[in-house]
1. Can you confirm whether segment 176-196 contains a residue that is assigned to a helix (DSSP H, G or I) and in contact (Cβ under 8 Å) with a residue 40 or more places away in the chain?
2. Within segment 92-124, can you find the residues that are in contact (Cβ under 8 Å) with a residue 24 or more places away in the chain, under 24 Å from Arg142 (Cβ atoms), open to solvent by less than 70 Å² (accessible area, probe 1.4 Å) and of a type in the set (A, V, I, L, M)?
3. Of the residues Tyr156, Tyr140, which is over 14 Å from the mean Cα position of the chain (by Cα) and modelled with pLDDT of 95 or more?
4. Might you let me know whether segment 136-143 holds any residue that is more than 30 Å from Tyr115 (Cβ to Cβ) and assigned to a helix (DSSP H, G or I)?
5. Tally time: how many residues in segment 205-221 are surrounded by fewer than 18 Cβ atoms within 10 Å (Cβ to Cβ) and either part of a loop (DSSP other than H, G, I, E, B) or of a type in the set (Ser, Thr, Tyr) (or both)?
6. Residues of segment 125-137 being farther than 19 Å from Asp162 by Cα and either more than 18 Å from the chain's Cα centre (by Cα) or in contact (Cβ under 8 Å) with a residue 60 or more places away in the chain (or both), which ones?
7. Among Gly50, Gly36, which is of a type in the set (Gly, Ala, Ser) and over 29 Å from Pro248 (Cα atoms)?
8. So Ala145 fits all but one of (1) over 30 Å from Val221 (Cβ atoms); (2) open to solvent by 20 Å² or more (accessible area, probe 1.4 Å); (3) without any contact (Cβ under 8 Å) to a residue 24 or more places away in the chain; what number is the exception?
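The values are calculated or read from the model by the stated rules, or taken from the named source; none is laboratory data. Here the structure is a predicted model, which is why all the values come from computation and not from measurement. Please note: Cβ atoms are built from the backbone with ideal geometry, for glycine as well, and neighbour counts cover all protein chains shown. To get the accessible areas, we keep the full protein, side chains included, count just its heavy atoms, and leave off ligands, DNA and RNA. Shrake-Rupley method; radii C 1.70, N 1.55, O 1.52, S 1.80 Å.
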Amino acid sequence: MHRSVLEGAGVSCSQQLSRELKVFMNVLIVKLGATGDVVRTTPLLGRLDGQIAWLTAAKNTVLLENRTDNLRCFSWQERQLVPDIRYDLIINLEDTLEVGLYLKTLQTTQLFGAYVDSANQLRYTDDSKRWFDLSLISAYGREQADELKLKNRCTYQELVFDGLGFRFDGEPYLLPAAIETGLSGDVAIAADAGPIWPMKKWAYYDELKHQLEGRGLTVNVLPERSSLLEHLSDVRNHRCLVGGDSLPMHLALGTATRCVTLFNCTSPWEIYGYGVQKKIVSPFLEEFFYKRGYHNRATTAISVDEVETAVVTQLEAVPSAANQSATT
């Protein structure tokens with residue numbers, strides 16, 4: 001079993017080695033979901049030359065289409081349309097057997113990430129272990145993978161970039177133009193968490209909304225939308241977003257929208273804040289770290305007053321529309 005670079009002194013990203021920029025002619029990226037994970041993978045597009053194909057979930061294609069001149073995206077359901085060529089590099093950031101078996105049908109000079117071996121078992125390449133050692137398919141098993149994840153102080157981008165031989169220098173997310181919805185205000189609240197990580201949902205969003213409105217602020221709870229591009233507009237049209245580690249957070253980071261993010265059970269260190277994010281970490285983070293059940297203590301540990309103070313501080317850095325009008 002290989003030794004993780006996250007053990008011992010290896011947890012510090014400052015010890016990464018600089019490598020020459022690699023040039024690839026034909027690249028296939030496989031990142032299907034979740035949508036936030038697709039968004040945070042887009043900085044790679046700024047570092048890869050040549051022709052790039054991206055295989056993703058159908059709902060995410062709208063985020064990738066026409067992002068760069070050299071990019072073509074395909075839905076997983078239409079994977080038969082992926083060019084049948086020999087790739088210089090395939091980057092597989094999925095950890096499922098189905099994807100691994102599909103990749104066995106393709107030809108590539110170099111593979112980064114997960115693959116299926118001759119015994120049809122999921123493995124991952126040595127150069128991708130800084131990320132996959134922390135994953136569900138970690139060679140160390142789930143329990144030790146979570147321990148390594150808790151010790152890790154590198155962002156997702158740093159881990160993936162480094163494995164590919166790049167150095168992450170704050171390359172931005174690449175997002176499409178939004179579809180305008182007309183919803184705007186001072187603060188957007190992203191209250192939903194989804195069924196997989198119910199403890200991401202903080203217990204006091206209603207109380208926070210009431211207190212912020214008491215300050216005369218316009219506060220909107222983000223609604224469900226039929227299009228991700230409408231959701232993008234909702235986030236972008238607010239001065240600050242409050243929520244958990246979720247897709248709206250990534251949309252805020254990708255649009256330079258200030259945000260306050262609450263971490264109840266997931267890693268705050270894997271998120272690169274782009275200078276606009278205030279992270280509030282639960283004092284019980286270690287106890288509930290990547291636990292998929294629900295416990296009330298996890299969702300109530302962060303106080304309303306702490307979040308309100310953080311939001312007000314973020315708003316002070318962004319002039320309101322009224323203030324902007326008064327100074328013009």
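1. Keep residues of segment 176-196 that are assigned to a helix (DSSP H, G or I), which gives none.
No - not one qualifying residue is present in segment 176-196.
2. Listed by number, the residues that qualify are Leu93, Val99, Leu103, Leu122.
3. Every option except Tyr140 fails the conditions.
4. Looking through segment 136-143, none of the residues is more than 30 Å from Tyr115 (Cβ to Cβ) and assigned to a helix (DSSP H, G or I).
5. Residues that pass the stated criteria total 3.
6. Result: Ile137, single match.
7. On inspection, the qualifying residue turns out to be Gly50.
8. In the conditions (1) over 30 Å from Val221 (Cβ atoms); (2) open to solvent by 20 Å² or more (accessible area, probe 1.4 Å); (3) without any contact (Cβ under 8 Å) to a residue 24 or more places away in the chain, Ala145 misses (2) alone.
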